[in-house]
Amino acid sequence: MQISFRGLRALVTGAGKGIGRDTVKALQDSGAQVVAVSRTNEDLVSLSKECPGIEPICVDLGDWEATERVLGNVGPVDLLVNNAAVLLIQPFLEVSKEAFDRTINVNLRSVFQVSQIVARGMIARGVPGSIVNVSSMVSRATIANLASYSSTKGAMDMLTKVMALELGPHKIRVNTVNPTVVLTPMGRKVSAVPELTQALKQRTPLKKFAEVEDVIYSILFLLSDKSAMTSGSGILVDGGYLAS
């Protein structure tokens, strides 16, 4: 199945590393003009060398005012991937206000803000669009010490449904991908805990974690017109974890 985004402009948050970085590459390879957003300028410099022609934007999405200032005039966007996230591992009883606020602001509030900016632009231009929010299987499954992160992903799944409901009449589709642990720098924070790794893999029918490309393919499908009747939904990339 060939997917082409030629003539379309995409925006990817959390583009410096992991899933976001490879999503930028895949979208560019599929013909899209890509705006890559990251809070780490060094990552954007190296990504720009790998992908000449992308539009790098450095901003901390946890800062509402800075995000509005930098992305408020980002221009026409047809495809949006809300991927930016932080993972702060703390037992529930030890979660601090600072850690909770940071997690909410980056993982959830930025999805509201960036999606509002992009969707308003789509509506003003009268064009269809597709938004993919990168969620997690922990929006539906409990794992100890991930209270803040899991809460943001659970909220993201419901936000996605409400966005799909309200934006659908404007021909804007909104979906999630919900992966298990992905072998990225963030995912290795979880996989570095041997007992947790063993427990997760033991319950997973496929007995392994996800590779980045496993998630990328789902993102590309949901962004494309190959999924034209899919909205308010989610693709589990969990190796069968939630089926067991």
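Packing, taken as the mean count of other beta carbons within 10 Å per residue, orders the peptides 213-219, 174-180, 137-143, 195-201 from highest to lowest as 174-180, 213-219, 137-143, 195-201. Scanning residues 5 or more positions from ASN145 or on other chains, those with amide H under 5 Å from its amide H are PHE92, with H placed 1.01 Å from N in the peptide plane.
Across segment 128-138, computed HN-Hα scalar couplings (Karplus, 6.51 cos²θ - 1.76 cosθ + 1.60, θ = phi - 60°) run x, x, 9, 10, 10, 9, 7, 9, 6, 5, 6 Hz from first to last residue, x flagging Gly and Pro.
If I build a Gaussian network model for the chain, linking alpha-carbon pairs within less than 10 angstrom, which residue out of ARG173, ARG109, ARG125 has the largest mean-square fluctuation? Result: ARG125 has the largest fluctuation of those listed.
Under conditions of 37 °C and 0.692 mPa s, segment 125-203 yields 232 µm² s⁻¹ as its translational diffusion coefficient, taking Rh as the Kirkwood radius over Cα pairs in the Stokes-Einstein equation. Pairs of Cα atoms nearer than 8 Å and 6+ residues apart set the relative contact order; for segment 1-160 it is 21 percent. May I ask for log10 I(q)/I(0) of the chain at q = 0.08, 0.14 Å⁻¹, from a Debye sum over the Cα atoms as equal point scatterers with solvent left out? Taken in order of the listed q values, log10 I(q)/I(0) reads -0.28, -0.89. In order along segment 151-160, the phi-based Karplus estimate (6.51 cos²θ - 1.76 cosθ + 1.60, θ = phi - 60°) of 3J(HN,Hα) comes to 4, 5, 6, x, 5, 4, 4, 6, 4, 4 Hz; Gly and Pro are listed as x. Per residue of the chain, the DSSP helices (runs of n ≥ 4 H) give a summed -39500 (n - 2.57) that works out to -13000 deg cm²/dmol at 222 nm. Using a cut-off of 18 Å between Cα atoms, the listed pairs LYS17/LYS49; LYS171/LYS226; LYS97/LYS189 include LYS97/LYS189 as exceeding that distance. Could you pull out every one of the aspartates and glutamates with an alpha carbon less than 15 Å from that of LYS153, ignoring same-chain neighbours closer than 8 positions? Output for LYS153: ASP101, ASP238. In this structure, the amide hydrogen of ILE57, modeled 1.01 Å from its nitrogen in the peptide plane, lies closer than 5 angstrom to those of ALA36, VAL37, SER38, counting only residues at least 5 positions away or on a different chain.
Our coupling estimate for segment 5-13, obtained by passing each phi through the Karplus curve with A = 6.51, B = -1.76, C = 1.60 and θ = phi - 60°, is 10, 4, x, 10, 10, 10, 10, 10, 8 Hz, Gly and Pro reported as x. At R0 = 30 Å, how high is the FRET efficiency between LEU165 and LYS49 if r is their beta carbon distance? Nearest 0.05 is fine. For R0 = 30 Å, the calculated efficiency reads 0.15.
Between ALA192 and ALA141, what length in nm is gained on full extension when 0.36 nm per residue of separation is reduced by their alpha carbon distance?
Length difference between fully extended and current span is 16.4 nm.
Tell me the angle of helix 212-223 to the major Cα principal axis of the chain, expressed in degrees between 0 and 90 and rounded to the nearest ten. Orientation of helix 212-223: about 40 degrees from the principal axis.
Between the Cα long axis of helix 41-50 and the first principal axis of the chain there is an angle of about 70°, rounded to the nearest 10. Annotation for GLN116 and LEU93: the two label points, set 7 Å from Cα along the Cα-Cβ direction, are 3.8 nm apart. Each part reduced to its alpha carbon centroid, segment 63-91 and segment 127-189 end up 14 Å apart.
The numbers here are math on the coordinates, done by the rules we state, and not lab data. Note that the structure is a prediction, hence the values are computed from the model and not measured. Note that each Cβ is placed from the backbone with ideal geometry, even for glycine, and that neighbours are counted across all protein chains shown.
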